[in-house]
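See structure below.
Read-outs throughout are calculated quantities, based only on the coordinates presented, and are distinct from any laboratory measurement. What you are looking at is a predicted structure, and each value in this text was computed from that prediction instead of being measured. Every residue, glycine as well, gets a Cβ built from its backbone with ideal geometry; the counts of neighbours run over all protein chains shown.
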Amino acid sequence: MIKQQAIPTKNTIRVLGVLLDRNLSLEPHFQQVKKDCRSRSNLMKTISRPHRSNNREIRFRVARAIIDSRLLYGVELTCLAAEKAVQILEPVYNGYVRTVSGLLPSTPADAACVEAGILPFRLVYTAATATKAAAFLAKTYTDGSLSSSGVGMGVSGDSLVVSNSLPAQCSVFSAEAAAVFHATSLPGNRPILIVTDSQSAIMALTDEAPKHPWIQGTVTQAPPNTVYMWVPGHCGIQGNVIADHLAGSGPIGPRFSDNVPFQDIKKWIKRTVRRAWDNEWRNNRTHQLRKIKATTDSWKDRPSLKEQQVVSRLRTGHSRASHNFGGTPFRRTCETCGVPASVEHILINCVELEDLRVAFGLEGTSIQSLLGDESPAADALIAFLKEANLFYNI
């Protein structure tokens, strides 16, 4: 009681915007996030209507800003229940992906993501949880090297020869930045002249608020009389040649540090997740879209939003011409040929449409060439669909 008033009892508590129940379960938070995203999903439906101009990239940017930001809020904590998060929130993500691309609700989520050239939610969430706040500071080099054998650093100077390796996730810029940092951290009683062939490292040192840890270390810890000079690479300056050689042999040398700058970790995670998604799709043999699109890269959109919706539905194999969506969805049967009315059958094989295919120069084409990226027959396909009275029934 407070001033004769009972303290209200609640089943949840909000901590920094994340709901927790009595059992410290995060399910109330995920359910609330799902509820919050309904109006945002409706907004995506509004701006994705066929009469709007077609620019999927902008619509996906809007979706990432207003929906993904909510889905991934508090990921540093919610990652403790990652499986539950994906289970509850994935339908929201898949829903706006289909909406933006003009796909039907029955379109498989993976096919929808591949058609749009974006990652599925499970991998978006994995990448977000893996890139939690981190920062690393370490010592290091004067020249950096990145090759198939690994990442290396090298420093040469008076009585100084350093050749070390770095984690494979490090970029060549990090190797260069680490080299500069290492050179400025060496003890001495004379002003230091740092000579490097990394123009990007020199430019980073002039930033008012550098983000790279080794650049930060250089700015804050270098002696006040330190001078930095850039020279072109491979220009014959002896010290630079030696440093370059030391950096090149660094991958086989002792490990300089196991720490990896946050920027490099983030890029490495994105590359790794994208590569895993690409490999998963390449090995997929269940979706029609796999016949047409072997990679997960983005494809060029049609200039008209309605045309893009039609092409996207044809690519994923789910259209009103091939499926009946009243009640439980089921595949239609071609009344002329007596076989399942798949998209491939309608566009390539149906005898009733053969004369039209000939008239529009589409005979003998494959489903891959007809619906592929920047297909030379794309305009003819749209005209064919309109003439066959299929365009507005897809």
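If I build a Gaussian network model for the chain, linking alpha-carbon pairs within less than 10 angstrom, which residue out of Asp21, Asp110, Asp264 has the largest mean-square fluctuation?
Asp21
With each label point set 7 Å from Cα along the Cα-Cβ vector, what nm distance links His345 and Arg61?
4.3 nm
With a 10 Å cut-off between alpha carbons and a GNM built on the chain, which of Val219, Val260, Val227 moves the most?
Maximum among the listed residues: Val227.
For segment 192-260, what class follows from the C-alpha gyration tensor (a ≥ b ≥ c being the square roots of its eigenvalues): rounded when a/c is under 1.5, otherwise prolate if a/b is larger than b/c, else oblate?
Values: a/c = 1.95, a/b = 1.20, b/c = 1.62.
In terms of gyration-tensor shape, oblate.
Need the list of aspartates and glutamates near Lys211 for cross-linking: C-alpha distance under 17 angstrom, and skip anything on the same chain fewer than eight residues off.
Within the straight-line cut-off, Lys211 pairs with Glu176, Asp264.
What does the extension gain come out to for Thr12 and Val241, with contour length at 0.36 nm per residue minus their alpha carbon separation? Write out the running numbers ahead of the final one.
Numbers: separation 229, 0.36 × 229 = 82.44 nm, distance 6.40 nm.
Taking Thr12 through Val241 to full extension adds about 76.0 nm, to one decimal.
Could you point to the residue in Ala383, Tyr125, Gly74 farthest towards the positive end of the chain's charge dipole, with +1 and -1 charges on the Cβ of Lys/Arg and Asp/Glu respectively?
Gly74
DSSP loop GluC sites (Glu not before Pro) in segment 294-351 with at most 16 other Cβ atoms within 10 Å of their Cβ, which ones?
Loop-located and lightly packed - Glu335.
Only Cα pairs under 8 Å and at least 6 apart count here; give the relative contact order of segment 165-220 as a rounded whole percent.
After rounding, I find 42 percent.
Count the net charge of all other residues whose Cβ sits under 13 Å from the Cβ of Trp281, scoring Lys and Arg as +1 and Asp and Glu as -1. Walk me through the numbers on the way to the answer.
Details: positive: Arg274, Arg275, Arg282, Arg285, Arg290, Lys291, Lys293; negative: Asp110, Glu115, Asp278, Glu280, Asp297.
Charge balance near Trp281 sits at +2.
Within segment 308-378, list the trypsin sites (Lys or Arg not before Pro) lying in a DSSP loop whose Cβ has at most 14 other Cβ atoms in a 10 Å radius.
Within segment 308-378, the qualifying trypsin sites (Lys or Arg not before Pro) (loop, at most 14 other Cβ atoms within 10 Å) are Arg320.
Identify, among Ala116, Ser298, Leu193, the residue whose Cα sits farthest towards the positive end of the charge dipole of the chain, taking +1 on the Cβ of Lys and Arg and -1 on the Cβ of Asp and Glu, with the dipole about the Cα centre.
Final value for the positive-end residue is Ala116.
I need the Debye-formula profile for the chain: one equal scatterer per C-alpha, no solvent, reported as log10 I(q)/I(0) at q = 0.13 1/Å, two decimals.
-1.04
When the convex hull of the C-alpha atoms of segment 274-335 is computed, what volume per residue in Å³ does it have?
Taking only Cα atoms, segment 274-335 has a hull volume of 128 Å³ per residue.
Just need the relative contact order of the chain here, percent rounded to a whole number, with Cα pairs under 8 Å and 6+ apart.
Taking the mean separation of contacting Cα pairs over the length of the chain, I get 16 percent.
Taking square-rooted eigenvalues a ≥ b ≥ c of the alpha carbon gyration tensor, is segment 267-394 rounded, prolate or oblate, where a/c under 1.5 means rounded and, failing that, a/b exceeding b/c means prolate?
Prolate.
Name all residues of segment 377-393 having a backbone nitrogen under 18 Å from the label point set 7 Å from the Cα of Asn324 along its Cα→Cβ direction, giving them as ranges.
393
Cut-off under 25 Å on the C-alpha distance; same-chain residues fewer than 8 positions from Lys84 excluded. Which lysines are left, in chain and number order?
Cα-Cα hits under 25 Å: Lys10, Lys34, Lys35, Lys132, Lys266, Lys270.
Quick one: net charge of Glu387's neighbours, Cβ under 11 Å, K/R +1, D/E -1? Don't skip to the answer; put the middle values down first.
Values: positive: Arg357, Lys386; negative: Asp355.
Overall, the nearby charge balance is +1.
Using 0.36 nm times the number of residues separating Asn284 and Met229, minus their current alpha carbon distance, what extension gain do you get?
Fully extending the segment from Asn284 to Met229 adds 14.6 nm.
Mind checking which of Gln288, Gln169, Gln199 has the largest fluctuation in a GNM of the chain, springs on alpha carbons under 10 Å?
Result for the chain, Cα springs under 10 Å: Gln199 fluctuates most.
If I take R0 = 56 Å and measure r between the Cβ atoms of Arg22 and Ala359 in this structure, what FRET efficiency does the formula 1/(1 + (r/R0)^6) give, to the nearest 0.05? Each step should come with its number before you reach the end.
On the way: r = 69 Å, r/R0 = 1.24.
Efficiency, from the Cβ-Cβ distance: 0.20.
How charged is the neighbourhood of Arg271? Take every other residue with its Cβ under 14 Å from the Cβ of Arg271, and add Lys/Arg as +1 and Asp/Glu as -1.
+2
Can you tell which of Gly250, Ile394, Leu353 lies farthest toward the positive end of the dipole of segment 247-394, using +1 and -1 charges on the Cβ of basic and acidic side chains (Lys, Arg; Asp, Glu)?
Farthest towards the positive end: Gly250.
With a/c under 1.5 counting as rounded, go ahead and sort segment 142-228 into rounded, prolate or oblate using the C-alpha gyration tensor (a ≥ b ≥ c being the square roots of the eigenvalues; past the cut-off, prolate if a/b is larger than b/c, else oblate).
oblate
Quote to one decimal, in nm, the extra length available between Ser369 and Lys267 on full extension: 0.36 nm per residue of separation minus the C-alpha distance between them.
Numbers: separation 102, 0.36 × 102 = 36.72 nm, distance 3.37 nm.
Extra length available between Ser369 and Lys267 comes to 33.3 nm.
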